Amino acid sequence: MTDVILTGLADEGPVSKRAEEQLTLTRGLGLSHYSLRFVDVGTGVKNAMALTDDEVERLRALHAEYEVRVSSLASPIGKVKLLDTDDGTSNRYVPFEQYLREDVARATELARAFETRLIRGFSFYPPKEDDPWTHVPRAAEQLRAIAEACAAAGCFFGLEVEANLVGRNGELEAALWEAVGHPHLGLVFDAGNMVCQGYGPDEVFQEYLAMKPGLMWMHVKDYRDPELRKASAGERVRGHVAEDALRHFVPADQGDSDHRRIFADLKAELPALGARLRELGLEGFFVDLEPHLKGGGQFGGFSGPDGYGVALRALCRVLDGTGVTYSLTGFEELKRPQ
């Protein structure tokens, strides 16, 4: 039994995003899981939420052929406006009852079809210039309804921290988690999503500590902006982030997240955390690679097959250095022809 299970958003590897290439990359790097986001099953690249039933069956067959499991459905649920207001952004608004009935229901259907119980999602966009704290009650109300829909389908909703959303830092994520108060909603920490907002290593660690009680799994990316490094804590930007303009993503052992400190702290918690997750019927604590080494934006990123390998090796160095155990496919696990 290892401390963590390694996985990753494999659509960041192949240029084509073809399913076969994503699965080849995943298995070739020694991973047995991947998070499903964008994919081409033969009819063009699309978000997994847009897959037809025939494409779902085709992809399920490929998973069996390549012996790969889906760790989470990396959905865009929650990346819509909280309120129907024109704030100068291109974010769309969907009436929540319709959103719950259509998008959320489809996400749970897909999670069941791909035999994962984890759905990654987000905390809604408040009006661009508003104080996000004023929108915690409304966002929590909607997230509670999503958690209830997930529970009814036997799934769990993982709330990822990210810029511009209501849950844009650890304290806000923790407030949402506490306000929702539902066992089928957990938190997904991503240190790189904090650094790109201007948080330094010490601040990132404090935001991680705020989220730790509700942690369900973790995304790994990192960021290092020379200009942000020069600024003092009080001068760093904390407002709206132009996500498609971010250009300074780096491997997990080279950025300003200080992943070593985070994993060194998490190491002591992992046995109990993993046991709690398994009691819920989950496989364990996933560490989900999402490196963006060649670029990233609001709805995805790209690292290339070479960059994806660079990112995985950097993550493994961090884990090795902090004593966090994991597993990559070994010779003894290879499927022998009968």
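The values are calculated or read from the model by the stated rules, or taken from the named source; none is laboratory data. This structure is a prediction, so every number in the text was calculated from the model and none was measured. Positions of Cβ are generated from backbone atoms using ideal geometry, with glycine treated the same way; all protein chains shown enter the neighbour counts. Side chains included, ligands, DNA and RNA excluded: accessible areas come from the protein's heavy atoms. Shrake-Rupley method; radii C 1.70, N 1.55, O 1.52, S 1.80 Å.
The condition (being farther than 30 Å from Pro126 by Cα, surrounded by fewer than 18 Cβ atoms within 10 Å (Cβ to Cβ) and touching a Gly at 6+ places or on another chain (Cβ under 7 Å)) is satisfied by just one residue among Thr329, Thr325: Thr329.
Yes or no, residue by residue, for (1) aliphatic (A, V, I, L, M); (2) touching a strand residue (DSSP E or B) at 6+ places or on another chain (Cβ under 7 Å):
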{"position": "Ser35", "(1), (2)": "no, yes"}
{"position": "Arg58", "(1), (2)": "no, no"}
{"position": "Ser72", "(1), (2)": "no, yes"}
{"position": "Asp87", "(1), (2)": "no, no"}
{"position": "Leu118", "(1), (2)": "yes, yes"}
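A count restricted to the stretch 273-321 and to residues that are closer than 26 Å to Phe38 by Cα, outside any helix (DSSP H, G or I) and of a type in the set (A, V, I, L, M) stands at 4. One residue alone among Ser327, Ser257 is more than 24 Å from Val15 (Cα to Cα), of a type outside the set (Lys, Arg), over 18 Å from the mean Cα position of the chain (by Cα) and at pLDDT 95 or above, and that residue is Ser327.
Count of the stretch 124-150 residues, restricted to those that are in contact with a strand residue (DSSP E or B) (Cβ under 9 Å, 6 or more places away or on another chain) and either over 12 Å from Val104 (Cα atoms) or not small (Gly, Ala, Ser) (or both), is 8.
Take Ile77 and tell me if it is in contact (Cβ under 8 Å) with a residue 40 or more places away in the chain, open to solvent by less than 10 Å² (accessible area, probe 1.4 Å) and part of a loop (DSSP other than H, G, I, E, B). Answer is yes for this residue.
All of (1) more than 18 Å from Glu207 (Cβ to Cβ); (2) surrounded by 17 or more Cβ atoms within 10 Å (Cβ to Cβ); (3) touching a helix residue (DSSP H, G or I) at 6+ places or on another chain (Cβ under 8 Å); (4) not basic (Lys, Arg) hold for Leu282 with one exception: (3). Considering the stretch 80-103, the residues that are open to solvent by less than 20 Å² (accessible area, probe 1.4 Å) and among the hydrophobic types (A, V, I, L, M, F, W, C) include one that is farthest from Val241 (Cα to Cα), namely Val94. If you go through the stretch 116-125 one residue at a time, do you hit one that is in contact (Cβ under 8 Å) with a residue 12 or more places away in the chain and exposed (fewer than 15 other Cβ atoms within 10 Å of the Cβ)? So far as the stretch 116-125 goes, no, none of its residues is in contact (Cβ under 8 Å) with a residue 12 or more places away in the chain and exposed (fewer than 15 other Cβ atoms within 10 Å of the Cβ). Every test in (1) touching a Gly at 6+ places or on another chain (Cβ under 7 Å); (2) in contact (Cβ under 8 Å) with a residue 12 or more places away in the chain is passed by Gly281 save one, and that test is (1).
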